[in-house]
Amino acid sequence: MKNILHIISSPRADQSYSKGLSSAIIDRLSQSNNIHKIVVRDLIKEVPPLADEVSIHEFYKHPGMYDERSNQLLSYANMIVEEVKEADVIVIGTPMYNFGISASLKTWLDQLIRAGITYTFDEQGNRIGQFKNKKVYLAIASGGRKTEGNPDYLAAYLKDVLKTYAGITNVKAYWVEGTVENGFKANYDQVLNDFTSDNES
Ligand SMILES: Cc1cc2nc3c(=O)[nH]c(=O)nc-3n(C[C@H](O)[C@H](O)[C@H](O)COP(=O)(O)O)c2cc1C
């Protein structure tokens, strides 16, 4: 029985191709797995708080030093950490904005990743990611195409963050490209033609 976490970060609601693609991935997962729970974290309906001077101070504290005020300031961060902890599979939808991820997804990541929580250090000072056994699918929508000059470091960036700061190495990226072209129609079946529910790359 799997728990799925669905991250939505496009403001375009049902017009959004990244949401369409991430939903298509969840449909595929539901066909091939016993799903216990699907949690939807819509970063537009509930925008993550920006880290500010006061909350950043809490982020740097050793978790053993948290007090009641820390728990208030970290309430969003703690909530999304629990959602990620509970999930076996995380499906992240993001538009490409200026070659990068959406601002809301970046803000979510900045709230999620935390020393002592998503990663710790061993005695030699090596970082140890804490969420090793999770699977992540990236559902990326871009107006342009990689073959026409779009860089592909958006997926590379997310893979590096997830690996380095959370220990998640099982990340597979799917792209729906050319969404601003005249007459564009999304074909999610084609995009997901090599889909398996436990891709390793
Ligand atoms: C602010 C903004 C910046 C964008 N930057 C890029 C870009 O750098 N490269 C690109 O190919 N498309 C870019 N686009 C187009 C979006 O990637 C495209 O509309 C995509 O379908 C958005 O995802 P969504 O359909 O999930 O909302 C941009 C769109 C907006 C609104």
So how far, in whole Å, is the C-alpha centre of segment 24-51 from the one of segment 105-175?
16 Å
Surface accessible to a 1.4 Å probe, per residue, for the residues of the chain, Å²
53 Å²
Counting all C-alpha pairs of segment 29-71, share separated by more than 11 Å (%):
76 percent
XL table 2/61; 19/132; 85/185; 132/185; Cα-Cα > 28 Å flagged, in table order, is 2/61; 85/185; 132/185
Solvent-accessible area, 1.4 Å probe, carbon plus sulfur percent, for the chain:
48 percent
Residue by residue through segment 92-99, what is 3J(HN,Hα) from phi via Karplus (6.51 cos²θ - 1.76 cosθ + 1.60, θ = phi - 60°)? Round to whole Hz and write x for glycine and proline.
10, x, 8, x, 8, 10, 6, 6
Based on the mean of other Cβ atoms within 10 Å per residue, sort peptides 138-144, 122-128 so the most packed one is first.
138-144, 122-128
Binning at 5 angstrom from zero up to the longest distance, how are the C-alpha pair distances of segment 15-134 distributed in percent?
2, 9, 17, 20, 18, 16, 10, 6, 2, 0
Any residue on another chain or 5+ positions along whose placed amide H is under 5 Å from the amide H of residue 42 is listed here as 8
Per the helix-only model, the chain has a calculated mean residue ellipticity at 222 nm (DSSP H runs of ≥4, -39500 (n - 2.57) each, divided over all residues, rounded to the nearest 500) of -10000 deg cm²/dmol
Counting each pair of different Cα atoms once, what's the Kirkwood radius of the chain in Å, rounded to one decimal?
17.7 Å
Give the long-range amide H neighbours of residue 35: residues separated by 5 or more places, or on another chain, with amide H under 5 Å away, using H modelled in the peptide plane at 1.01 Å from N.
2
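The values are calculated or read from the model by the stated rules, or taken from the named source; none is laboratory data. This one's a predicted model, so the numbers in the text were calculated from it and none came from an experiment. No Cβ is skipped: glycine too gets one built from the backbone with ideal geometry, and neighbour counts run over all protein chains shown. Heavy atoms of the whole protein, side chains included, go into the accessibility calculation; ligands, DNA and RNA do not. Shrake-Rupley method; radii C 1.70, N 1.55, O 1.52, S 1.80 Å.
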